[in-house]
1. Quick check on my filter: what residues within segment 168-191 are touching a strand residue (DSSP E or B) at 6+ places or on another chain (Cβ under 6 Å), in a loop (DSSP other than H, G, I, E, B) and touching a residue at least 40 places away in the same chain (Cβ under 8 Å)?
2. Inspect all residues belonging to segment 219-229 and state whether any of them is part of a loop (DSSP other than H, G, I, E, B), surrounded by fewer than 19 Cβ atoms within 10 Å (Cβ to Cβ) and modelled with pLDDT under 95.
3. List, please: which pairs have Cβ atoms under 8 Å, are six or more places apart or on different chains, and start with a residue in segment 227-244 that is of a type in the set (Gly, Ala, Ser) and end with one that is in a helix (DSSP H, G or I)?
4. Six or more apart or on different chains, Cβ atoms under 9 Å: show the pairs whose first residue is in segment 82-95 and closer than 19 Å to ASP18 by Cβ and whose second is part of a strand (DSSP E or B) and open to solvent by less than 40 Å² (accessible area, probe 1.4 Å).
5. Can you name every residue in segment 45-92 that is at pLDDT below 95 and of a type in the set (Lys, Arg)?
6. For segment 86-106, which residues satisfy the criterion of being touching a helix residue (DSSP H, G or I) at 6+ places or on another chain (Cβ under 6 Å) and over 16 Å from LEU55 (Cα atoms)?
Amino acid sequence: MQTVKPELPRPVVAVICDRISYFQHNVHAVPETYLRALHEAAGVMPVLIPACPDLLDLTTLLATVDGVLLPGSPSNVAAERYKAEPLPVETLTDLHRDEAVFSLLPSVIAQGIPLMAICRGFQELNVFYGGTLHRAVHERPDAIDHREGDHARAIEEWYRDSHLVSVTPGGLLATLSGTQAVRVNSLHHQGVDRLGQGLCIEAFALDGLVEAFTAPEAPGLVLGLQWHPEMSLGHSPLAQQLFTTFGDSCRHRQQSRLSTKSTGDNDEFISAYAV
């Protein structure tokens, strides 16, 4: 009688939350679009990570997850993180998320845990690698206006593809897209000023703004995107490819994690799920 191997559980991907106020309560939240993209396009199980460093047990987290997503947010990275003058007081920030992300990143990257960073996450990653941010990219000479525009429009209108990006030949995005340029839905006020050390540009807007990068020397996948592929899965093959690639990296990490479990009670579990 043939033995049926049990289906491998989905890789677990940690998604960092924003810390917001909701009816005078501190709430930790992530837009559902990121969670659905991870579940449906990447084939992983998203779990929310609170933006509270005192609630983060890094040993437990890093032993449990197979990937990390830093999602976008209306808030901005505090300028003090990259040694710049403080942002105007009216600028929305989230110091709790800053602290949680920057405490998490060193271990995530060092241990080779796949990392996908979108919009604010992309900017956080650039700062972590020693880069800086431009606080108003639309004010640069000859700049494209990367902002979302009229807030009265339906949310779908905010995320329509707005401009082209040039894809770096020979890079990951070039391999995934098979083309030299793609149209994307950037939606941001701030952007990369000085690129972080060790990051490799994968795509840039026609005004020269960096729109995607990887970290080739990192032991695992590190992918940063200024635009929002989670909002364009319905029409963008590249968006699907990006999440598929991230999901595949998480599955590889999961297999490695399971195969290095301790012996004893785990032997039967590992044998059942061995590839």
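The values are calculated or read from the model by the stated rules, or taken from the named source; none is laboratory data. This is a predicted model, so every value here is computed, not measured. A quick note on method: Cβ atoms are made from the backbone with ideal geometry, for glycine too, and the neighbour counts reach across all protein chains shown. In case anyone asks, the SASA skips ligands and DNA or RNA and just uses the protein heavy atoms, side chains included. Shrake-Rupley method; radii C 1.70, N 1.55, O 1.52, S 1.80 Å.
1. Matches in segment 168-191: GLY171, GLN190.
2. The initial filter retains those residues of segment 219-229 that are part of a loop (DSSP other than H, G, I, E, B), namely 219-221, 226-228.
Imposing the further condition that a residue be surrounded by fewer than 19 Cβ atoms within 10 Å (Cβ to Cβ) reduces the set to 219.
Keeping just the survivors that are modelled with pLDDT under 95 gives none.
Checking segment 219-229: not a single residue is part of a loop (DSSP other than H, G, I, E, B), surrounded by fewer than 19 Cβ atoms within 10 Å (Cβ to Cβ) and modelled with pLDDT under 95.
3. SER232/ALA239; SER236/PRO229; ALA239/ALA41; ALA239/PRO229; ALA239/GLU230
4. Sorted first by the residue in segment 82-95, then by its partner, the pairs are LEU87/ASN76; THR91/ASN76; LEU92/ASN76; THR93/ASN76; ASP94/ASP18; ASP94/ASN76.
5. Residue satisfying the conditions is LYS83 alone.
6. Hits for segment 86-106 are PRO86, LEU87.
So that you can scan it fast, the table gives a plain yes or no per residue for (1) more than 17 Å from VAL127 (Cβ to Cβ); (2) within 16 Å of the chain's Cα centre (by Cα); (3) not aliphatic (A, V, I, L, M):
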| position | (1), (2), (3) |
| --- | --- |
| LEU58 | yes, no, no |
| LEU61 | yes, no, no |
| GLY67 | yes, yes, yes |
| ALA79 | no, no, no |
| GLU90 | yes, no, yes |
| THR93 | no, no, yes |
| ALA100 | no, yes, no |
